[in-house]
Amino acid sequence: MSSVLGVSGVCVLTSWANRLNRTKILGDFKILCTSALVSTDSSAEFPDRASMMEVRLQAQEDEITLLKSSLADALRRIHLHDQLLPLLKQQLIAGGGQDRVPLPRRVQSLHLEDALLSGQSVQGIRAKLYRIPGMEEEEQEEDEEGRGEQEKDLGWTPSVEEPIQPTTIRSLQKEDFQDRSCSPEETCAALASVRTSDQNLIFLCCVCFPEQSIKMFIRGRPITMYIPSNIQNYEDLKMEPPSERLQLDWVYGYRGRDCRANLYFLPTGEAVYFIACVVVLYHINNCTQRHYRKHTDCVRCLTLHPDKVRVASGQTAGVDKDGKPLQPCVHIWDSVTLVTLQQIGLGTFQRGVGSVAFSFADSGAFLCVIDDSNEHMLSVWDCNKGTKHAEVKSTNEAVFAVEFNPIDSTNIITCGKSHVYFWTLSAGQFTKKQGIFGKYKKPKFIQCFVFSLTGDVLTGDSEGNILTWGKSAADIKTLGKGAKETFQIMRQTRAHEGSVFTLCTLQGGALLSGGGKDRKIIRWSADLAPERECEIPEKFGAVRTIADMNGKELLVGTTRNAILRGTFSNGFVAIVQGHVDEMWGLATHPSQNIFLTCGHDRQVCLWNTEEHKLDWCIILEEYGLCAGFCPNGSVVSVGLSSGRWVVLDLLTREVVSESIDGNEQLSVMRYSPDGSFLAVGSHDNFIYIYNVTESGRRYIRFGKCNGHSSFITHLDWSKDGKYIMSNSGDYEILYWDIAAGCKLLRNRFESKDREWASYTCVLGFHVMGVWLEGSDGTDINALCRSHSERVVAVADDFCKVHLFQYPCPKPKAPSHKYDGHGSHVTNVCFTHSDSHLLSIGGKDTCIFQWKVIGGEVGESKERLASASSTSTSSPEPEICAVLYVDEMHIPQLCPGPGNRLENSISAVGPSN
């Protein structure tokens, strides 16, 4: 057995390491250094050469780290099997015995020659074994010589392998083994004779011992999963999508930190705004939400049609799963029926859509769009036909807003960094005139503008001024007969300290302005005399946009992603709140309909899933990355970025306990089922265990789990609270006996039947099917099994939430997929009753609350048992199913309870 592991583990991994050390790293480093010297003379052509060098060097360092970790894992396994080798040899040689499971004689006598094609020699095949380009010939001969001697001792373990090539590997599907009555020798011969001409195919056949196992490979690292005892026919397990489905119930958050003019009030009593890929219609009085979800990436801009029914929303380009750019577009849709009426500009815009505006003078017949390309293309479209009417390059500077003149649709105004442009559209052609600042100081940014009732243009700028622009007659005396009329500043009004972020006109000609630094909302008369003002609380940030609610109340969007409702007299209260930076921490209460989130904005927020509101929020000194509720529900622990963690009382919001473990960020906080222990997973590769007393208010260090070679990513407790299963950044699964003093369980086979109180580890037999072919090991950020153990939800790097049946131990398991997030989904968690699923986004800063619908009670706990059989025939070697996630694909021949080939071999190539 050690020879098999030595060949497949040590030889291949050592060869890879030598190859990297001797050729790839040195060669690439020389190339990169040469390229760096060349790039000094061609910096314009290669502006980011240095960053490319850093990325490539980091990728090589990561690969070396994984190879070293894989080599260490192989050596550990060899040591374990060396201890069993004498007993195994004794069983094989004895030829009898009542308590052993004998291998058939034809398997015991199986030699390498049996797997060769006619005309091939043993020496010829052995010369090809493990030959990797770039290796020294002498080292290869030594490795092959040692392996040949080991094969002579254990002749029943043949292995045939073609050279490793970093290209796509052809799949061997189940139909290659339709004849399940073939003998093991015939199977090996068939595997060896599948092909010899294609140098890209690699396979290794091994005979294992009766305990069934499955291997999956992530970035070349083998991960062994042991099949639980109650599964005797793994192949008969049926993978189907779960009967449960998800329905978007509520969206927490608003995108105000970097977007403008994205809040409107509809005649239906709904506020319309967006976050991530969803446009939200929130009925303010009824506290209900509807969602427009036709966008494929983050929504960037929004405008309301003059009929107050149609809405236009533009999205960014984004990328798909393979990194290819998607095409941005504008959707025109009905706010009553949520039906898409027109899709504008698909394939025309670059990078994304920055600003949109409907025309007014012709009842909204045209739509003006500015994209996010370098030239910020300005285009006008026919709303009914979806055709482009005109297009022109606007400017290389940032553009913040665009609007049609409300009384003349041939006039368009744009503003942005250091400019105000007045456009005239005639016969499909644009002419541009730039606003003249004259004697007035030119501001760095023109943030916003509106049209007054007199036809003048009012702009708000970064200097805190409101500028009134008017049309001046041509100065013939100074410029001559060819002089043309110009747009100049007629008046300057000091409005705010800091920027004027938004302007809003009211019925009767009054004007509202929103300030940045001073956070004030000021009401101005028609002649720009200040009438009233108020200041919004500092915790909500600056004023980003203002919407009028029928002249009675105001809606205010802020830069800290909140929407406020109120009046000058009564003040403003928040009706929508959210995080303002990336989130990672998510935990649901064990018995109440509340959940907690934390992220890089240093906020810790407690939310109510029934009332859809924020119960409370506190600001910590450091940002939080993980959280966990104590089973008694009275306290919650939050892990921070520096290795420090705090315990908060839910009622008083006070810190009742705090501690520090190491100096690196924490990634997991998990209480044992009875609440007597707390496990803290850290990026320093350790799991710290604490005794918990006084209802979660006192913590005493119990021990430390030391054995992982990379940072801790996920962990779960067993139902009896004695064991822990953990995952690490190098795709390792380890098991720990906490009751025995945080002891590492070397024999992972003993943990195959253990039941787990929760299942959040992304690597494990029961969730192996959630990994897609071609994944790189970081594509799944989190998963969570429901409390009923019926389904498992998955958060991935491609803005998707998946719902699988539980368990899903077979490759290519089907699932329900749900979009809406505009960034990587960082975490998912079910509520205590499994009635809802929570998912949080990364950079999109939004929280989705999904309602779990469908499903039948008591359906899924019997899935494993129903697939089990009672076969007791003598075991014969069979092909175990293997899941391949990246380049190194090695199917395994192993014995099982049946006397036929139970599974097929599947191999897939690199994702790139």
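Could you check, for the range 704-713, whether at least one of its residues is among the aromatic types (Phe, Trp, Tyr), in contact with a Gly (Cβ under 9 Å, 6 or more places away or on another chain) and surrounded by fewer than 22 Cβ atoms within 10 Å (Cβ to Cβ)? Checked against the condition, which is being among the aromatic types (Phe, Trp, Tyr), in contact with a Gly (Cβ under 9 Å, 6 or more places away or on another chain) and surrounded by fewer than 22 Cβ atoms within 10 Å (Cβ to Cβ), the range 704-713 yields at least one hit. Take Cys368 and tell me if it is under 43 Å from the mean Cα position of the chain (by Cα) and under 26 Å from Leu528 (Cα atoms). Spelling it out, it is not the case that Cys368 is under 43 Å from the mean Cα position of the chain (by Cα) and under 26 Å from Leu528 (Cα atoms). At least 1 residues being touching a strand residue (DSSP E or B) at 6+ places or on another chain (Cβ under 8 Å), of a type outside the set (Lys, Arg) and open to solvent by 30 Å² or more (accessible area, probe 1.4 Å) is the threshold, and among the strands (runs of 3 or more DSSP E) wholly inside the range 337-435 those reaching it are 340-344, 366-371, 377-382, 388-393, 399-405, 408-416, 419-426, 429-434.
Counting only residues that are under 28 Å from Leu554 (Cβ atoms), at pLDDT below 95 and among the basic types (Lys, Arg), the range 220-271 holds 2 of them. Within the range 768-784, if we keep just the residues that are within 17 Å of Tyr806 (Cα to Cα) and either open to solvent by 20 Å² or more (accessible area, probe 1.4 Å) or hydrophobic (A, V, I, L, M, F, W, C) (or both), the residue that is farthest from the chain's Cα centre (by Cα) turns out to be Met768.
With respect to being at pLDDT below 95 and under 26 Å from the mean Cα position of the chain (by Cα), Arg293 falls outside the description. Consider the range 563-585 and keep the residues that are polar (S, T, N, Q) and farther than 14 Å from Trp616 by Cα. The one that is farthest from the chain's Cα centre (by Cα) is Ser569. Can you confirm whether the range 606-624 contains a residue that is hydroxyl-bearing (Ser, Thr, Tyr), modelled with pLDDT of 95 or more and assigned to a strand (DSSP E or B)? Scanning the range 606-624, I find no residue that is hydroxyl-bearing (Ser, Thr, Tyr), modelled with pLDDT of 95 or more and assigned to a strand (DSSP E or B), so the answer is no.
Just need a number here: residues in the range 565-579 that are in a loop (DSSP other than H, G, I, E, B) and surrounded by fewer than 17 Cβ atoms within 10 Å (Cβ to Cβ). Of the residues in the range 565-579, 3 are in a loop (DSSP other than H, G, I, E, B) and surrounded by fewer than 17 Cβ atoms within 10 Å (Cβ to Cβ).
The rows are residues; the columns are (1) aliphatic (A, V, I, L, M); (2) surrounded by 22 or more Cβ atoms within 10 Å (Cβ to Cβ); (3) modelled with pLDDT of 95 or more.
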| position | (1), (2), (3) |
| --- | --- |
| Met549 | yes, no, no |
| Gly557 | no, yes, yes |
| Gln592 | no, no, yes |
| Thr597 | no, yes, yes |
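Of all residue pairs spaced 6 or more apart or on separate chains, those with beta-carbon atoms under 9 Å, a first member in the range 751-779 that is closer than 21 Å to Arg790 by Cβ and assigned by the TED database to the domain that holds Val792 and a second member that is open to solvent by 10 Å² or more (accessible area, probe 1.4 Å) and assigned to a helix (DSSP H, G or I) are Trp756/His766; Tyr759/His766; His766/Leu864.
Residues in the range 706-715: is at least one closer than 16 Å to Ala795 by Cβ and in contact (Cβ under 8 Å) with a residue 24 or more places away in the chain?
Yes, the range 706-715 contains a residue that is closer than 16 Å to Ala795 by Cβ and in contact (Cβ under 8 Å) with a residue 24 or more places away in the chain.
Residues of the range 262-276 being part of a loop (DSSP other than H, G, I, E, B) and within 19 Å of Cys846 (Cα to Cα), which ones? Matches in the range 262-276: Asn262, Leu263, Ala276. The selection criterion, being outside any loop (DSSP other than H, G, I, E, B) and surrounded by fewer than 20 Cβ atoms within 10 Å (Cβ to Cβ), does not hold for Gln315. Among the criteria (1) more than 27 Å from Glu235 (Cβ to Cβ); (2) of a type in the set (Val, Ile, Thr); (3) surrounded by 21 or more Cβ atoms within 10 Å (Cβ to Cβ), the one Ile700 does not fulfil is (3). Counting the residues of the range 449-465 that are assigned to a loop (DSSP other than H, G, I, E, B) and of a type in the set (S, T, N, Q) gives 3. Every condition in (1) among the small types (Gly, Ala, Ser); (2) open to solvent by 20 Å² or more (accessible area, probe 1.4 Å); (3) at pLDDT 95 or above is met by Gly464 except one, and the failing one is (2). The set of residues in the range 718-759 that are touching a Leu at 6+ places or on another chain (Cβ under 6 Å) and within 18 Å of Gly628 (Cα to Cα) comprises Ile724, Ser726, Asn727. Under the condition of being in contact (Cβ under 8 Å) with a residue 60 or more places away in the chain and not β-branched (Val, Ile, Thr), the residues counted in the range 687-705 number 3.
Given the structure, is Lys520 outside the structural domain of Phe629 (by the TED database), open to solvent by 10 Å² or more (accessible area, probe 1.4 Å) and modelled with pLDDT of 95 or more? Answer is yes for this residue. Selection of the range 278-312 for residues being open to solvent by less than 20 Å² (accessible area, probe 1.4 Å), part of a strand (DSSP E or B) and over 24 Å from Cys383 (Cα atoms) yields only Tyr282.
For Gln447, are the conditions met, namely being touching a residue at least 12 places away in the same chain (Cβ under 8 Å), open to solvent by 70 Å² or more (accessible area, probe 1.4 Å) and more than 27 Å from Asp334 (Cβ to Cβ)? No: the conditions fail for Gln447. Val319 meets each of the listed conditions (1) under 26 Å from Gly347 (Cβ atoms); (2) at pLDDT 95 or above apart from (2).
The values are calculated or read from the model by the stated rules, or taken from the named source; none is laboratory data. Quick caveat: nothing in here was measured; it's all calculated off a predicted structure. Positions of Cβ are generated from backbone atoms using ideal geometry, with glycine treated the same way; all protein chains shown enter the neighbour counts. Areas reflect the complete protein model, heavy atoms only, side chains present, ligands, DNA and RNA absent. Shrake-Rupley method; radii C 1.70, N 1.55, O 1.52, S 1.80 Å.
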